[in-house]
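A.B. asks: Sharing a structure, written as structure tokens. Questions coming.
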Amino acid sequence: MINILLYLSLAHAASPEDVVVAELTRVNDILQDQEEPPYYVAATVIDSTEINISARDGTLNESGETGRRTLDVDMRIGDTTLDNTHPLRGFSALDEDSRSPLYLAQDSDAALRHALWRELDARYRDAAERIVVVRANQNVKVAEIQRGQDFEQVKASVDRVQTPELDVDVQAWESTLVAISQALSDSPAIHIHEIALSAIREEKTFVDTDGSRLVHGRTHARVSLQASATAEDGDVFSVFEAIDVHLARSLPEADTLHQWALDAIRRMEDLHEAPRGEPYSGPVILEGQATGVFFHEVLGHRVEGHRQKREDEGQTFAKQVGYPILPPFISVVDDPTVSNLAGHDLNGFYAYDDEGSPAAPAQLVEDGIFRGFMMGRSPLDDFAHTNGHGRRSTGNLPTSRMGNTLITSSKTVTRAALRDQLLAEVRQQKLEYGYIVEDIEGGFTLTGRTMPNAFNVRATASWRVFADGRPDELVRGIDLVGTPLVAFGNLLAAGDDPKVFNGTCGAESGWVPVSAVAPSVLFSKLEFQLKEKGQERPPLLDKPAQDGAADGGDL
Amino acid sequence: MIVIWLISALAADNPVLDSLGEEMERNAAELSLPQAPPLYLLRYQLAQLESISMVASMGGVVREEDLMTNAMGVEVRVGSPEYDNTGFGGWQNGFMRTSLPLVLTPEAVQATAWRLTDRAYKQAVEQYGRKDAQFTAPEDYPGDYQMLPAVQVEIAAAPSDGSGLSKLALSLSQTLSDGPHLERSEVHVGHETGTLWTIDTTGTRIGRPVSETTMRALAQLRTQDGQLITHHVLWSVPTPAELPDAVTMHDQVRQMHADLNALNEAANFDTEYVGPVLFTQDAAVDLFRWLLVSQVEGTPAEVPFESWFGDLGGYKDPVRIGRRVLPPGWQVVDDPQSQPDHVSTYPWDSEGTPAQSVTLVADGIVKDLLMSRVPRKGMDGTNGHARSWLGARAEGRVTQLQVEPAKHLSEKALHKQALKTANAYDRDWYLKIDRLQEPAVRQVGQGFSIFSESEETPLPQPLAVIRVWADGREEVLRGAAFANVERFVLRDIIGAGEQRETTWMAPMQWGAGTTNGFPTWTSAPDVLIGEMEVVPVPGDPDDAPLVPPPSK
């Protein structure tokens, strides 16, 4: 029945979708004659166009447009209860199913058909080998703690959504970026910098044997500034600014970017003078973006559904459903359907995930109570259905991943009040100072059982706030670290200033765009550890004097 | 069409190069660290190239980049020419390279040189310390570098137009999609035109043209029993205008495809063979490429750096002057100007030394070696054969290699001699090989592996072996490989035939690809080896497709 439906669509004009449908159907029909035929097959073709423009050292560094087409095939043998994708326990050379991205010729039906044939055939042969190994693995290992089937078969999705074209004025951007780079070049406080525009248009064609046929995509543009220098003590410090939007025309004007450059120079000068922090435990305010990254690392990765099934995962929250894990005023939802919030485009917005499921909000925490997980099509016994969070970058198997992680508080205070509360905590704990983490560059977390189940939020600008009223002091060289359950237990209050963090998240299913939106929050106790410090001397000679710039003096 | 000027006449025309020179002088004068050996040589290379890099398949573009490629390399030597930071294993050694902005300005080049030189200098000082700690130079240590007077030349080359290459590649790739299915078929394009500048603190200032167009059509066939057979056609010429005409190129590609299809139908080689092997056509040249070249490239291997993860460096086979490598009467000469129209030719090598003709092997014995300015025991230094790219030590490499036997036999005489030799092994047939598979082609699309394809022998797998019977009948067989080949096999050449020539890409210091490397010309005769071992390498049926290919 599925095959008939698929064939009917061929009445349309030739398109990647038509080619994929025809070849996937042909190969799947033939494979059904195998002793162990596939029970599910999907193919995803991504056509992308990318424009990259960047400037450094006061001149144009890069300007070009590239296109590419990639193909991913997902093949399942066995049945939904146990199939070839089931994790192997113990050491196995077959343990991972990631492979190099498969690039193929663009605008060639013959090449696409050929690549589909080869990839479907190859993936079938791999899957046929792996299911045998999976069954042997099940046979020799202790009984598995069953937490759900390997795959959920869902109602087919059929949709075709127009993806806007890229709208970048290349010449104008080249001029703007070069002008800003010239300003940055003139500063002796900056040893190396780059200001860049990256714009991408991606169109995905997804077809599977359940009858799904999707053509959808996204456009995205980011302008970013990165500057760094090496201090006398070897510490490499940096400033990073970025704005992400769906359409390039929404990017900020040149004036805003010039202001970035001025701010970056000032911040680099301040950071050069700033002392390195010391290991610390005490009250900390995380400002909006830092809070977003904190929740992304500490909560988000631990409530990705597939992690609750793997025997090597920490499963911090696997049995916490219905129990409080955060203060009652905090709620968290991951909602990829939100395109824009508080005037900011959100990076984690999408209409369909990479398993062909419509995106949907996943309520993670409601009034402090843990409610559930982000789910792809790898079900849990108590969470049997996808909520459209199966994601990957090309070359990887989809797993459940975050999209837009939205942290809200039903009880907020002003920024000033939050600071007062911080100082009150500092005094109560008889400390000299507390910290406000103003800027971060990202973070990471370990969710397995072998290594400590810890997180690290990489701070780039933290301020000491003194109990005795001295002016705040900028420090560098420290990162926020901790373990999830202790950290959440210390959350005291939230501000009224939600901020958006847009970034890209890397995990076992590759790099995917994400966002986190969160207010500032106060913790009674968090821990800082020393950031790794570079051991290279700063450049031995002064920066060469740029045309019209001051002589490179001592920093 | 090469024009040479004295650089003094051109110095004012290149503000980017002038600014690099200023930065070189500033760094040479001011870079120092307490107790560090002095910087005695600082060299920059600046590449200003227009380049095209493209892969086409089945009439579509897989990847295409058409851009300015600007890059620079730095070489920092501290200590003295007698003993410096180089020639010791590891990669943090004072040689570095980096990309430069698309639009070059004096300020941007200076800033990049400032950052790169700083890092390279610190690495050189530390590498000197590592070398000093682990290596005591023997009394007859030849030194690390040969200082020579400055060279100032600029060689201009007409820019070449690569605008038609994309269309040509698409068309060739379309040709490969006609006919029976291949597992993979691609046309790779690498085109560069521009100038490579070298300046150093001796006062050397050289501008050398870079003009190279390399295209490689490649095909991979998976036989029904799972064997992977790869084939290719390589064109490497100074400019696109010197490519063969399009009809010829398409015919060559079609022939390659036809050859592969014929092999698909061929029987498998199923004999453990010991006996004579006749190498003809490209395989004849390849035999010398894989077994002789490393014996005449004289730059000494780096002294091993005993790191905690094993020795770094010292990987090259020992090269010996006075060793017999070929039968009596054979001669081998490398002269980078013997084929003045070939893409590999140069009048000055990459260190600015005039190219020289060097007789490497006389009467079958190694008499001389290809050298850069890195000396070796018994050889003070360069003979104009330094080939390098940015950020790597210049080493003596082959460029235009002529291998001449004492005597050329006719095809008939070679056949007769091969049969006579085979008879001694109780056979009435022998093996002939006319092409080896190219490792750079075989690796395409195979993905990263920590375990490379087993290469127990230095000779790649033949495309096919041909069983030649006494009456001249030939039977093409697939699925054969060499076993237990050592370089000494060249001493067992018992006959030589027609002279062949071909172009191949010699790997750069960091490896080879389908279109990158040093284009190299080699002429060598067909040769009959007295005894070789050839064994079957059957395919794995699990690697063969289960599903028939789609209809065209």
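The values are calculated or read from the model by the stated rules, or taken from the named source; none is laboratory data. As the structure is a computational prediction, the values presented were derived from the model and not from experiment. Note that each Cβ is placed from the backbone with ideal geometry, even for glycine, and that neighbours are counted across all protein chains shown.
A.B. asks: Hey, can you tell me all the residues within the range A:387-403 that are without any contact (Cβ under 8 Å) to a residue 60 or more places away in the chain and among the polar types (S, T, N, Q)?
C.D. replies: Passing the criteria: only A:ASN387.
A.B. asks: While we're on this one: Identify, by number, the condition in (1) more than 25 Å from the chain's Cα centre (by Cα); (2) within 30 Å of A:SER100 (Cα to Cα) that A:ASN502 doesn't meet.
C.D. replies: So the condition that A:ASN502 fails would be (1).
A.B. asks: What number of residues within the range A:127-157 are of a type in the set (A, V, I, L, M, F, W, C) and under 22 Å from A:ASP354 (Cβ atoms)?
C.D. replies: Residues in the range A:127-157 being of a type in the set (A, V, I, L, M, F, W, C) and under 22 Å from A:ASP354 (Cβ atoms): 4 in total.
A.B. asks: Can you tell me which residue among A:ASP83, A:ASP121 is touching a helix residue (DSSP H, G or I) at 6+ places or on another chain (Cβ under 9 Å), charged (D, E, K, R) and within 11 Å of chain B (Cβ to nearest Cβ)?
C.D. replies: Being touching a helix residue (DSSP H, G or I) at 6+ places or on another chain (Cβ under 9 Å), charged (D, E, K, R) and within 11 Å of chain B (Cβ to nearest Cβ) holds for just one of A:ASP83, A:ASP121, which is A:ASP121.
A.B. asks: Provide a single number: the residues in the range A:242-264 that are of a type in the set (Val, Ile, Thr) and in a helix (DSSP H, G or I).
C.D. replies: Looking only at that region, the number is 1.
A.B. asks: What's the number of the condition B:MET147 fails, among (1) buried (at least 17 other Cβ atoms within 10 Å of the Cβ); (2) touching a Pro at 6+ places or on another chain (Cβ under 7 Å); (3) more than 30 Å from B:PRO439 (Cβ to Cβ)?
C.D. replies: Exception for B:MET147: condition (1).
A.B. asks: Another question, then. Any residue in the range A:128-137 that is buried (at least 20 other Cβ atoms within 10 Å of the Cβ) and either within 14 Å of another protein chain (Cβ to nearest Cβ) or more than 29 Å from A:HIS385 (Cα to Cα) (or both)?
C.D. replies: Yes.
A.B. asks: While we're looking at this one, here's another question. Hey, among the residues in the range A:248-272 that are aliphatic (A, V, I, L, M) and crowded, with 17+ Cβ neighbours inside 10 Å, which one's nearest to A:LYS533 (Cα to Cα)?
C.D. replies: The extreme case among them is A:LEU271.
A.B. asks: When you check B:TYR128 against the structure, is it in contact (Cβ under 8 Å) with a residue 12 or more places away in the chain, more than 14 Å from every other protein chain (Cβ to nearest Cβ), of a type in the set (Ser, Thr, Tyr) and surrounded by 21 or more Cβ atoms within 10 Å (Cβ to Cβ), yes or no?
C.D. replies: Spelling it out, B:TYR128 is indeed in contact (Cβ under 8 Å) with a residue 12 or more places away in the chain, more than 14 Å from every other protein chain (Cβ to nearest Cβ), of a type in the set (Ser, Thr, Tyr) and surrounded by 21 or more Cβ atoms within 10 Å (Cβ to Cβ).
A.B. asks: Quick check on my filter: what residues within the range B:97-120 are within 8 Å of chain A (Cβ to nearest Cβ) and assigned to a strand (DSSP E or B)?
C.D. replies: none
A.B. asks: Something else about it: How about the range B:395-420: which of its residues are without any contact (Cβ under 8 Å) to a residue 60 or more places away in the chain and among the hydrophobic types (A, V, I, L, M, F, W, C)?
C.D. replies: B:LEU419
A.B. asks: Also, quick follow-up: Looking at B:ALA71, B:ALA47, B:ALA56, which one is of a type outside the set (S, T, N, Q) and surrounded by fewer than 19 Cβ atoms within 10 Å (Cβ to Cβ)?
C.D. replies: B:ALA71
A.B. asks: Report whether or not A:ARG147 is away from chain B (no Cβ under 14 Å), surrounded by 15 or more Cβ atoms within 10 Å (Cβ to Cβ), more than 25 Å from A:HIS246 (Cα to Cα) and modelled with pLDDT under 95.
C.D. replies: When the stated conditions are applied, A:ARG147 passes them.
A.B. asks: Among all residue pairs at least 6 apart or on different chains, which show Cβ distances below 7 Å where the first residue, located in the range B:71-93, is within 10 Å of B:GLN123 (Cβ to Cβ) and the second is at pLDDT below 95 and aromatic (Phe, Trp, Tyr)?
C.D. replies: Qualifying pairs under 7 Å: B:GLY90/B:PHE305.
A.B. asks: While we're looking at this one, here's another question. Is it the case, given these coordinates, that A:LEU31 is modelled with pLDDT of 95 or more, within 9 Å of chain B (Cβ to nearest Cβ) and touching a Phe, Trp or Tyr at 6+ places or on another chain (Cβ under 9 Å)?
C.D. replies: Yes, satisfied.
A.B. asks: Further, regarding this structure: Tell me the residue from A:ARG125, A:ARG89, A:ARG113 that is surrounded by 14 or more Cβ atoms within 10 Å (Cβ to Cβ) and without any contact (Cβ under 8 Å) to a residue 24 or more places away in the chain, please.
C.D. replies: Criteria check complete, one pass: A:ARG125.
A.B. asks: Same structure again: Report, by residue number, each residue of the range A:507-533 that is in a strand (DSSP E or B) and more than 16 Å from the chain's Cα centre (by Cα).
C.D. replies: A:VAL521, A:LEU522, A:PHE523, A:SER524, A:LYS525, A:LEU526, A:GLU527, A:PHE528, A:GLN529, A:LEU530
A.B. asks: Is it the case, given these coordinates, that A:ALA42 is within 28 Å of A:VAL215 (Cβ to Cβ), at pLDDT below 95 and either touching an Asp or Glu at 6+ places or on another chain (Cβ under 7 Å) or basic (Lys, Arg) (or both)?
C.D. replies: Criteria not met by A:ALA42.
A.B. asks: Scan the range A:415-443 for residues that are modelled with pLDDT of 95 or more, surrounded by fewer than 20 Cβ atoms within 10 Å (Cβ to Cβ) and not in a helix (DSSP H, G or I) and report the count.
C.D. replies: Residues that pass the stated criteria total 4.
A.B. asks: Which members of the range A:97-149 meet the condition of being more than 24 Å from A:TYR39 (Cβ to Cβ) and in contact with a Gly (Cβ under 7 Å, 6 or more places away or on another chain)?
C.D. replies: A:SER100, A:PRO101, A:ALA105, A:GLN106, A:ASP107, A:SER108, A:ALA110, A:ALA111
A.B. asks: Related question: Kindly provide the set of residues from the range B:141-181 that are in contact with a Gly (Cβ under 9 Å, 6 or more places away or on another chain) and of a type in the set (Asp, Glu), ordered by number.
C.D. replies: Once the filter is applied, which keeps residues that are in contact with a Gly (Cβ under 9 Å, 6 or more places away or on another chain) and of a type in the set (Asp, Glu), the range B:141-181 yields B:ASP144, B:GLU154.
A.B. asks: Further question on the same structure: Give me a count of the residues in the range B:494-552 that are part of a loop (DSSP other than H, G, I, E, B) and either within 14 Å of chain A (Cβ to nearest Cβ) or of a type in the set (Gly, Ala, Ser) (or both).
C.D. replies: Within the range B:494-552, residues that are part of a loop (DSSP other than H, G, I, E, B) and either within 14 Å of chain A (Cβ to nearest Cβ) or of a type in the set (Gly, Ala, Ser) (or both) number 14.
A.B. asks: Going through the range B:466-493 one residue at a time, which ones are outside any loop (DSSP other than H, G, I, E, B) and of a type outside the set (A, V, I, L, M)?
C.D. replies: Within the range B:466-493, B:ARG467, B:TRP469, B:GLU474, B:GLU475, B:ARG478, B:PHE482, B:ARG487, B:PHE488, B:ARG491, B:ASP492 meet the criteria.
A.B. asks: Among what's in the range B:273-316 and is small (Gly, Ala, Ser) and within 25 Å of B:LYS131 (Cα to Cα), pick the residue that is surrounded by the fewest Cβ atoms within 10 Å (Cβ to Cβ).
C.D. replies: The qualifying residue surrounded by the fewest Cβ atoms within 10 Å (Cβ to Cβ) is B:GLY310.
A.B. asks: Ok, one more. With respect to A:ARG99, determine if the residue is more than 22 Å from B:VAL187 (Cα to Cα) and either acidic (Asp, Glu) or within 13 Å of chain B (Cβ to nearest Cβ) (or both).
C.D. replies: yes
The rows are residues; the columns are (1) surrounded by fewer than 22 Cβ atoms within 10 Å (Cβ to Cβ); (2) without any contact (Cβ under 8 Å) to a residue 60 or more places away in the chain; (3) over 22 Å from B:ALA544 (Cβ atoms).
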{"residue": "B:THR201", "(1), (2), (3)": "yes, no, yes"}
{"residue": "B:THR204", "(1), (2), (3)": "yes, no, yes"}
{"residue": "B:GLY226", "(1), (2), (3)": "yes, no, no"}
{"residue": "B:VAL233", "(1), (2), (3)": "yes, yes, yes"}
{"residue": "B:ALA241", "(1), (2), (3)": "yes, no, yes"}
{"residue": "B:PRO244", "(1), (2), (3)": "yes, yes, yes"}
{"residue": "B:MET249", "(1), (2), (3)": "yes, no, yes"}
{"residue": "B:THR271", "(1), (2), (3)": "yes, no, yes"}
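A.B. asks: Answer with yes or no whether A:GLU65 is of a type in the set (D, E, K, R), in contact with a strand residue (DSSP E or B) (Cβ under 6 Å, 6 or more places away or on another chain), under 21 Å from A:GLN32 (Cβ atoms) and within 14 Å of chain B (Cβ to nearest Cβ).
C.D. replies: no
A.B. asks: What number goes with the only condition from (1) over 18 Å from the mean Cα position of the chain (by Cα); (2) under 25 Å from A:PRO519 (Cβ atoms) that A:PRO379 does not pass?
C.D. replies: So A:PRO379 meets the others, but not (2).
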